Structure formats: C-alpha cells, structure tokens
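Some notes on the structure that comes next.
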Amino acid sequence: MTQTVEVADIEKTHKNAIAELVQTACKFESHIEIESEGKNINAKSLMGIMAFGLKKGMEVSISAKGTDEKASVDCISQFLTSNAECAM
C-alpha cells in the first residue's frame, strides 16, 4: 500500500519529530518506507530519517508491506500531515 502526502511543519508540534516518527513506525510489524526526490529510506531507521531531511512542504510517498500495512501508512501519513499522533 502506498500513499503520497505533503509534509506539514512537524518540528512545530513535536519536541523531537524525527525520533517520534521512528518510534511510531516501530510500533508496526510492516516494513515501512518513505520516498521522495529519488531517495528511499526505511521509516524505522533513525539515521535514515535524519539523513532523509524531511521538511515542511516536501511531497513524500509512504509505502508499507506486511500484516498491518494500511494502519501503518495511515498512521505515518497522519503524523506527517497533521502533526498528530495516531490512535493505535
């Protein structure tokens, strides 16, 4: 499953947005990737997300494969677009 979203200002409402994003991704069993501008990273990798350089206005594709892929894509999308944590 894949979904494309525009990243909101995640630094505005999260103390440590990158760490919180990785923690959120790690709650799921599915393999989750974020892709943009030819870069593709594992959403569960802190170093990968840091190097990826997420910023407000960036368009990213979130994809997941596994038993909870829909929930994981929905949750990561919500985190990146509305600055809210998803209910699990």
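Residues of region 39-54 that are buried (at least 19 other Cβ atoms within 10 Å of the Cβ) and in contact with a Leu (Cβ under 8 Å, 6 or more places away or on another chain): 43, 49. Quick check, is residue 69 of a type outside the set (Gly, Ala, Ser) and surrounded by fewer than 13 Cβ atoms within 10 Å (Cβ to Cβ)? Considered against the rule, which asks whether it is of a type outside the set (Gly, Ala, Ser) and surrounded by fewer than 13 Cβ atoms within 10 Å (Cβ to Cβ), residue 69 comes out as no.
Among the listed residues 59, 85, 6, identify the single one that is at pLDDT below 95, exposed (fewer than 15 other Cβ atoms within 10 Å of the Cβ) and acidic (Asp, Glu). On inspection, the qualifying residue turns out to be 85. Candidates 44, 70: the one that is modelled with pLDDT of 95 or more, of a type in the set (Lys, Arg) and under 12 Å from the mean Cα position of the chain (by Cα) is 44. For region 38-79, a tally of residues being touching a residue at least 12 places away in the same chain (Cβ under 8 Å) and over 21 Å from residue 16 (Cα atoms) returns 11. Among the residues making up region 36-60, those that are farther than 19 Å from residue 11 by Cα and not basic (Lys, Arg) are 37, 38, 40, 41, 42.
The values are calculated or read from the model by the stated rules, or taken from the named source; none is laboratory data. Everything numeric in this text was worked out from a predicted model, so none of it was measured. Here the Cβ is made from the backbone with ideal geometry for all residues, glycine too, and neighbour counts use every protein chain on show.
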